[in-house]
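Derivation of every value follows stated rules applied to the coordinates shown; laboratory data play no part. Predicted model, so just to flag it, every value in this text is computed and none were measured. In this analysis, Cβ positions are derived from the backbone assuming ideal geometry, glycine residues included, and neighbour counts consider all displayed protein chains.
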C-alpha cells in the first residue's frame, strides 16, 4: 500500500491490493473502508480531491502527506483519471479547499412550501 495521507486517527493509502479494487483499478483505503474516486470521505471531501491535493503537494487538511513514490504517483494518476472521466473532479480542483458539503437551499417538505 502507498500511504498518501495520515493524521492522528487514520492513514489513507492507494492500492490495487484490496477486495474493492477491480480490474486493477486503485482504491483509497482509509481505516477499514475503501473509497472509489467519486466517494466522499467521512470529512465530506471527495476521495479524488484528497488525492489531487496530494498530487499537487497542496495543504494537507489536518494531517501530513505521505511520500511521492513512483508507484504512488502512478496509482494517484489512475485514481484521479477515473474521477475525471466520470466528471466528478473538475480540472483545477487541487487548488480548491473542499470541506463538508451543506445544502444551501430548502430541502424536502421545506422545498414544497417555499
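In whole angstrom, and with the biggest value first, how far do the Cα coordinates of region 1-71 range along each principal axis?
31, 27, 20
Give me 75, 28 sorted ascending by neighbouring Cβ count inside 10 Å, so fewest comes first.
75, 28
Along the Cα→Cβ direction, 7 angstrom out, place labels at residue 10 and residue 38. What is the inter-label distance in nm?
Here the answer is 2.0 nm between the modelled labels.
Which semi-axis lengths, in whole Å and largest first, follow from the square roots of five times the eigenvalues of the Cα gyration tensor of region 25-66?
Values for region 25-66, descending: 16, 11, 10 Å.
Using the per-residue mean of other Cβ atoms lying within 10 Å as a proxy for protection, in what order, highest first, do the peptides 33-44, 16-27, 48-59 fall?
48-59, 33-44, 16-27
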